[in-house]
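Structure, as structure tokens:
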Amino acid sequence: MNLHNHIYRENPWLGLMIGNSRLHWALFSGETLDSAWDTDYLPESVIQQFAQAQTPEKFTDRVISQLNTIRRDTALSGPYPISLASVVPSQTAIWQTLPNVRIITLAQIPLFGVYPTLGIDRALALWGAGKTWGFPILVIDSGTALTFTGADDNQCLVGGAILPGLGLQFATLGQKTGQLPLLEAQLINSLPPRFALNTPEAIQSGVIYTLLAGIKDFIEAWLFLFPESKIAITGGDRILLKNSLQIQFPEIAARLIVEQNLIFWGMEKIVIEIE
């Protein structure tokens, strides 16, 4: 183990996944994931606070208190080490100027058969799930985009698919049409009627039932190839989709493992175990 890995294994550090819409954070104590939270993108002036071992204002009071407690208990004198993965190059360019940031690249993830443009978020989530529950594994990430990513029992990428996520589909209809309303996915708490009698529910019906049918189809196709495979779902819409599948296709929902921190599980494996 090199010195850098020893530092991460023995001390607190931050994981940062720069997503398409938000920043996703995790606080680790060595190999243990203590907490995870999201923030909006931070202004460059706030990002520079990390270089002075300060805590950005957009962190919640609970997180700030937790960070300060760990800093005091561990006598950490410098800025928190940050392991960063990103799907937004413009944001990566800002963060990588900080001296305490370590960039995780696709080449560091020991999956076989990876193509150069595979999203680092998909690869990390797949690695985290596979190392936790075993290969073969299929990961469904229900974020801004809805993605399917699978690997076989030899840890080789089988492939996957990408389509607009729930919120993006609603946003596209609301913003690119003259009369359709803009709906928010987080306000949906039950399945709409299949054949709706008003415009908002008609949009919900079209998007949600088609999405659920697509997820079912992809899962069935995967299980035809790998009948004993575990299937994990992550991302911001994971609970909504799992609950909706439970109503619509309970036998499919029963196969799903819900875990919001798969990307960070993968990140921890890379930071701690890969020498």
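Among the residues of segment 115-140, count how many are of a type in the set (A, V, I, L, M, F, W, C) and either part of a helix (DSSP H, G or I) or open to solvent by 50 Å² or more (accessible area, probe 1.4 Å) (or both).
8
Looking across segment 141-179, the residues that are among the β-branched types (V, I, T), in a strand (DSSP E or B) and open to solvent by 60 Å² or more (accessible area, probe 1.4 Å) come down to V158, I162.
As a summary of the residue check, A75 satisfies the conditions (1) modelled with pLDDT of 90 or more; (2) at positive phi except for the one numbered (1). Here Q169 clears all of (1) farther than 22 Å from A254 by Cβ; (2) out of contact with any helix residue (DSSP H, G or I) (no Cβ under 7 Å at 6 or more places or on another chain); (3) of a type outside the set (A, V, I, L, M, F, W, C) except the condition numbered (2). Which condition does A254 not pass, out of (1) in contact (Cβ under 8 Å) with a residue 60 or more places away in the chain; (2) within 29 Å of D153 (Cα to Cα); (3) assigned by the TED database to the domain that holds T132, if it passes all the others? (1) is the only condition that A254 fails.
E220 falls short of the stated requirement of being in a loop (DSSP other than H, G, I, E, B) and more than 22 Å from G143 (Cβ to Cβ).
Looking across segment 243-261, the residues that are open to solvent by 40 Å² or more (accessible area, probe 1.4 Å) and of a type in the set (D, E, K, R) come down to E251, R255. In this entry, I239 passes the filter for residues that are assigned to a helix (DSSP H, G or I), touching a strand residue (DSSP E or B) at 6+ places or on another chain (Cβ under 9 Å) and either more than 26 Å from Q155 (Cβ to Cβ) or basic (K, R) (or both).
The values are calculated or read from the model by the stated rules, or taken from the named source; none is laboratory data. The model shown is predicted, which means the values in this text are computed figures rather than measured ones. Counting neighbours? That spans all protein chains shown, and the Cβs are built from the backbone with ideal geometry, glycine included. Ligands, DNA and RNA are stripped out before the accessible areas are found, and what is left, the full protein with its side chains, is counted by its heavy atoms. Shrake-Rupley method; radii C 1.70, N 1.55, O 1.52, S 1.80 Å.
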